[in-house]
Each structure stands twice: as structure tokens, then as C-alpha cells.
Amino acid sequence: MSKYSKEDIFRIVEEEDVEFIRLQFTDIFGMMKNVAITKNMLPKALDNRCMFDGSSIEGFIRSEESDMYLHPDLDTFEIFPWRPQQGKVARLICDVHCPDKAPFEGDPRFVLKKVLKKAHDMGFVFQAGPECEFFLFHTDEEGKPTTHTHETASYFDVAPIDQAENVRRDMVISLEEMGFMIEASHHEISPGQHEIDFQYAEGIVTADNIMTFRLAVKSIAKRHGLHATFMPKPKAGVNGSGMHINMSLSDLNGNNVFADGQDEQGLSKTAYEFIAGILYHMESMTILTNPLVNSYKRLVPGYDAPVYIAWSAKANRSQLIRIPSSRGSSTRIELRSPDSAVNPYLALAACLAAGLDGIEKGMTPPDSVDSNVFGMPEEEIQSRGIKQLPETLGEAIEAFRKDEFVKEVLGEHIFTKYLEAKEAEWRMFRAQVTDWEVEEYLYKY
């Protein structure tokens with residue numbers, strides 16, 4: 001059932017003195033874009049008649065086919081609480097359509113909707129909840145971001161050691177004003193690192209919320225004179241920022257289908273098959289859960305991030321997939337490799353599609369690895385057939401290129417454009433000479 005009608009939005013705009021509306025959408029790399037309109041153009045926007053130049057958006061479409069239309073999702077209407085309270089600014093998240101009114105196959109939101117429909121046709125509703133981590137850094141005299149922070153706080157520290165407590169408070173208040181249910185916020189392990197967790201929701205809502213969350217966090221940090229970054233590993237020698245994704249399936253009546261009280265681990269056959277599907281496709285979809293060159297600086301031993309493709313039925317945080325302790329209606333799986341630089345629509349689509357593939361094919365996961373895999377001898381790791389995640393973007397590209405399954409999930413357009421862009425990114429990185437190389441080799445050779 002829809003949350004808003006067109007009449008509701010017209011009424012709210014008048015009552016709340018909304019002057020500008022941002023029509024938002026997301027490109028294939030997870031970057032938010034928007035077209036701003038005044039309230040006078042709102043009837044045109046709500047009739048799906050607002051057009052933009054798709055050729056100007058990287059990865060979208062050629063210049064000779066550039067006209068694209070924005071179809072607002074009425075239920076995503078929200079007012080930005082951090083913007084002026086006279087002549088307020090609101091937003092609508094939009095789907096991208098072609099001139100013939102067909103959904104644009106290069107729209108990441110459309111990709112996720114397709115996979116969610118498949119799940120629904122199989123009798124499932126997909127729910128997900130992210131754990132979003134980020135850093136707060138100072139800016140320089142010109143307002144440009146740095147990687148400097150004055151604080152030395154660590155996990156769960158409080159003020160005055162945690163110097164950003166009030167910044168997080170403002171973020172939480174603003175997010176709640178936009179309809180988020182915030183479950184927790186706290187300082188993370190590294191100096192300047194923070195986490196805010198919001199409540200589980202159905203897949204498309206969660207992806208929309210991640211995009212909104214990143215915008216809100218960055219906007220409110222800037223008001224405090226700080227820069228918020230979701231870069232996975234902005235500093236060497238400290239933990240990077242992840243975005244663990246908690247996932248579950250329910251039936252169409254709302255019952256958690258991952259739960260089975262008769263099973264030794266409290267997991268259903270469906271849950272095991274879903275886990276198996278993700279493990280099977282993990283290498284090829286890692287480029288979607290960890291999309292940057294920098295992402296792979298986080299996925300190294302010693303920094304609270306997974307390296308091996310293994311799972312644990314226990315609450316074992318050294319594994320790629322763990323099963324949090326709660327069972328029954330709260331039974332879920334936690335995928336620990338993703339970082340906050342993801343395109344949430346593509347990452348969630350890949351995770352769900354992989355899990356559904358496991359269900360359709362009746363896959364069986366490997367044995368649960370309940371000990372710390374980082375402490376295992378190499379011989380045991382090999383004998384148990386435990387593979388590693390890609391160690392670089394280059395390795396992730398090769399795994400992605402070879403998997404027809406991921407290509408089918410994304411569609412030809414996004415698969416090709418994404419691959420081309422990531423190959424170019426990897427080539428550019430490989431041509432760089434880093435400070436580490438200069439410091440390590442210049443005086444020696």
C-alpha cells in the first residue's frame with residue numbers, strides 16, 4: 001500500500017513551505033545525481049514528464065539516444081531537515097525510463113527491482129539491514145578534505161574522548177526526522193571512525209536508505225566543518241570502513257523462512273541454500289560489494305575484515321558470512337565483506353540473486369568454519385577447500401568478466417559499462433607511482 005498519493009505531496013508542499021524538490025537517481029557507480037525543480041514544476045514531475053540528458057551521466061547512454069525521463073517514487077518524498085526551514089527543500093527518488101516509457105535497463109534501481117520481483121514470484125520477501133561505517137576528518141584552509149583527526153577515540157568510547165558525539169547526534173536526529181529508525185550509533189575502532197545502524201527494511205527501501213544516509217551524513221558533517229568519507233581505507237595502519245549487510249527472507253505472510261527450531265543451528269534448508277549461493281558466486285560479485293581499488297586495502301588480515309570465502313553458523317566475526325546469535329523471527333545472515341562505497345542497488349541485487357540461485361539449485365554450503373580462520377595453518381585452509389576473496393581490483397575484474405550469472409543479473413548494458421569503467425580504473429592505478437614505492441625503493445636502487 002502506497003504511503004503517499006500525488007494529492008498528499010501537493011498538500012505537504014504547501015503546508016510545509018517547500019520551495020525546491022530534488023529529483024534524485026543513482027548512476028551505475030553508486031553516485032547520487034539529481035535535477036532540482038521548484039514547486040511550480042511539481043505537477044509535471046509527478047506526471048513523469050521531467051526529462052534529463054542521459055548522455056551526460058557516465059555509464060548511462062549515447063548522445064544520440066540521450067533523452068531520459070524521471071519517474072518519481074511517491075513513497076520516497078522527504079523534506080531535508082538540514083536545509084533552510086523557510087522555502088524548504090524536499091526530495092523524490094526516481095526510476096529512470098526511456099522515451100517509450102519502458103524502464104531504462106541501465107538504471108541500478110531497476111536491476112534491484114527485477115531481482116526482488118523474482119524473489120516475490122518464488123514466494124519470498126527480501127529484507128536487509130546495513131551497518132554503515134564512515135570517517136570524519138578535518139578540512140584544510142580551503143575547505144578541502146584531509147585525513148587528519150584530532151581525536152584518539154576507539155570502539156564505544158564516549159565524550160570527551162569521542163569528540164564527534166554531538167555530530168553523530170545531529171546526524172541521528174536528522175535521519176529520524178526523515179523516517180529512519182536508528183537502532184544504534186557509536187564510535188568505531190579507528191580514530192575518527194563512526195557507525196550508525198538503521199532498522200531492517202525491504203530491499204528497495206534499504207538501498208534507498210543507504211543513498212539517503214550517505215547524503216545526510218556528508219551534509220551534516222559539512223555543517224560542523226568536517227568531511228565525512230565512505231572511502232573504505234582512507235588511512236594505512238588502521239581498520240577500514242565496512243558496510244556489513246544483514247539479510248533474511250520471509251514468506252509472503254511475513255514469516256522468517258531462514259528459521260528452523262528443529263535444526264541444530266536453528267537454520268532452515270532455505271537458509272543453508274541461500275548461504276551456499278552467495279559463497280558460490282562471491283568471487284565474481286566482489287567487484288560489486290567492493291568496487292574500488294582502495295576497497296582491497298581493507299580486505300587484508302589483521303584489520304577486522306574478511307579475507308577467506310567461508311562461513312560460520314556461530315557468531316564468528318573472522319568469517320565472510322556469520323550467523324548472529326539471535327534466532328527465530330530474527331534469524332539472518334551477515335555478509336561482512338561489503339564496504340560503504342558500494343552501489344547499494346547493484347550489491348543487494350547481486351546478493352539476493354546469488355542466494356536465490358542457491359535455493360533454485362538446492363546448493364549445499366561447505367562445512368561451517370567456527371574457529372578463527374586467520375589462525376589456521378595454510379595446509380588446513382587448503383585441505384578444507386577455503387578460497388580467498390580477490391586480493392585486488394584486477395583479480396575481481398577477472399572473476400566478474402568470466403561469470404555469465406552476474407552478467408544476467410545486471411543485464412548487458414550495466415555489465416558492459418561497469419566492466420569497461422573498472423578496467424580503466426585499474427589501468428590508471430597500475431600506472432601510478434605511490435609514496436610507499438618511492439620511500440621503499442628510491443634510496444635502495
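Residue check: is PHE104 under 30 Å from GLU360 (Cα atoms) and modelled with pLDDT of 95 or more? Against the criterion (under 30 Å from GLU360 (Cα atoms) and modelled with pLDDT of 95 or more), PHE104 does not qualify. Every test in (1) open to solvent by 10 Å² or more (accessible area, probe 1.4 Å); (2) farther than 27 Å from TYR308 by Cα is passed by THR229 save one, and that test is (2). Within the option set GLU177, GLU195, being of a type in the set (D, E, K, R), touching a residue at least 24 places away in the same chain (Cβ under 8 Å), in contact with a Pro (Cβ under 6 Å, 6 or more places away or on another chain) and closer than 24 Å to PRO81 by Cα holds for one residue only, GLU177.
Restricting attention to the stretch 417-435, which residues are small (Gly, Ala, Ser) and either farther than 22 Å from ILE28 by Cβ or touching a Gly at 6+ places or on another chain (Cβ under 8 Å) (or both)? Within the stretch 417-435, ALA421, ALA431 qualify. Looking at PRO160 and the list (1) in contact (Cβ under 8 Å) with a residue 12 or more places away in the chain; (2) open to solvent by 50 Å² or more (accessible area, probe 1.4 Å); (3) more than 20 Å from the chain's Cα centre (by Cα), which single condition is not satisfied? Failing condition for PRO160: (1).
Given the criteria under 28 Å from MET428 (Cα atoms), of a type outside the set (Phe, Trp, Tyr) and surrounded by fewer than 24 Cβ atoms within 10 Å (Cβ to Cβ), does SER326 qualify? No, not satisfied. For ARG427, the conditions (1) under 16 Å from GLU283 (Cα atoms); (2) open to solvent by 10 Å² or more (accessible area, probe 1.4 Å) are fulfilled apart from (1). Only residues that are in a helix (DSSP H, G or I) and touching a strand residue (DSSP E or B) at 6+ places or on another chain (Cβ under 6 Å) were counted in the stretch 384-436, giving 0. Candidates are the residues of the stretch 208-226 that are farther than 30 Å from LEU112 by Cα and not basic (Lys, Arg); the one that is surrounded by the fewest Cβ atoms within 10 Å (Cβ to Cβ) is GLY225. What do you reckon, is LYS314 assigned to a loop (DSSP other than H, G, I, E, B), touching a residue at least 40 places away in the same chain (Cβ under 8 Å), open to solvent by 10 Å² or more (accessible area, probe 1.4 Å) and of a type in the set (Lys, Arg)? For LYS314, the condition - assigned to a loop (DSSP other than H, G, I, E, B), touching a residue at least 40 places away in the same chain (Cβ under 8 Å), open to solvent by 10 Å² or more (accessible area, probe 1.4 Å) and of a type in the set (Lys, Arg) - is met.
So which residues in the stretch 393-428 are in contact with a Lys or Arg (Cβ under 7 Å, 6 or more places away or on another chain) and closer than 12 Å to VAL293 by Cα? Before you say what the answer is, go through the steps one by one.
We begin by selecting, within the stretch 393-428, every residue in contact with a Lys or Arg (Cβ under 7 Å, 6 or more places away or on another chain); these are 393, 397, 415, 419.
LEU393, ILE397 - these are the residues of the stretch 393-428 that are in contact with a Lys or Arg (Cβ under 7 Å, 6 or more places away or on another chain) and closer than 12 Å to VAL293 by Cα.
All told, THR139 falls short of being farther than 30 Å from GLY355 by Cα, hydroxyl-bearing (Ser, Thr, Tyr) and in contact with a Gly (Cβ under 6 Å, 6 or more places away or on another chain).
Among the criteria (1) in contact (Cβ under 8 Å) with a residue 60 or more places away in the chain; (2) out of contact with any Leu (no Cβ under 8 Å at 6 or more places or on another chain), the one SER337 does not fulfil is (2). The residue of the stretch 337-378 that is modelled with the lowest pLDDT, among those that are under 25 Å from PRO301 (Cβ atoms), crowded, with 21+ Cβ neighbours inside 10 Å and in contact with a Lys or Arg (Cβ under 8 Å, 6 or more places away or on another chain), is VAL369. When GLU412 is tested against the conditions (1) open to solvent by 80 Å² or more (accessible area, probe 1.4 Å); (2) modelled with pLDDT of 95 or more, the lone failure is (2).
Selection over the stretch 100-114 of residues that are closer than 17 Å to LYS407 by Cα and either without any contact (Cβ under 8 Å) to a residue 60 or more places away in the chain or open to solvent by 10 Å² or more (accessible area, probe 1.4 Å) (or both) gives a count of 5. Across the stretch 239-272, the number of residues qualifying as exposed (fewer than 15 other Cβ atoms within 10 Å of the Cβ) and of a type in the set (A, V, I, L, M) comes to 1. Looking across the stretch 273-292, just one residue is assigned to a loop (DSSP other than H, G, I, E, B) and open to solvent by 20 Å² or more (accessible area, probe 1.4 Å), and that is LEU292. Counting only strands (runs of 3 or more DSSP E) that sit wholly inside the stretch 189-268, those with at least 1 residues that are closer than 25 Å to SER368 by Cβ, modelled with pLDDT of 95 or more and under 21 Å from the mean Cα position of the chain (by Cα) are 243-251.
Every listed requirement among (1) more than 18 Å from MET247 (Cβ to Cβ); (2) out of contact with any Asp or Glu (no Cβ under 7 Å at 6 or more places or on another chain); (3) open to solvent by less than 20 Å² (accessible area, probe 1.4 Å); (4) in contact (Cβ under 8 Å) with a residue 60 or more places away in the chain is met by ILE386 save one, (3).
Cβ-Cβ distances below 8 Å connect the following pairs, each with a first residue in the stretch 297-308 that is over 8 Å from LEU320 (Cα atoms), a second residue that is basic (Lys, Arg) and at pLDDT below 90, and a separation of six or more residues or different chains: ASP304/ARG317. Within the option set GLY358, GLY362, being more than 19 Å from GLU264 (Cβ to Cβ) and assigned to a helix (DSSP H, G or I) holds for one residue only, GLY358.
The values are calculated or read from the model by the stated rules, or taken from the named source; none is laboratory data. This structure is a prediction, so every number in the text was calculated from the model and none was measured. With ideal geometry, Cβ positions are generated from the backbone for all residues, glycine too; neighbour counts draw on all protein chains shown. Calculation scope for accessible area: heavy atoms of the full protein, side chains included, ligands and nucleic acids excluded. Shrake-Rupley method; radii C 1.70, N 1.55, O 1.52, S 1.80 Å.
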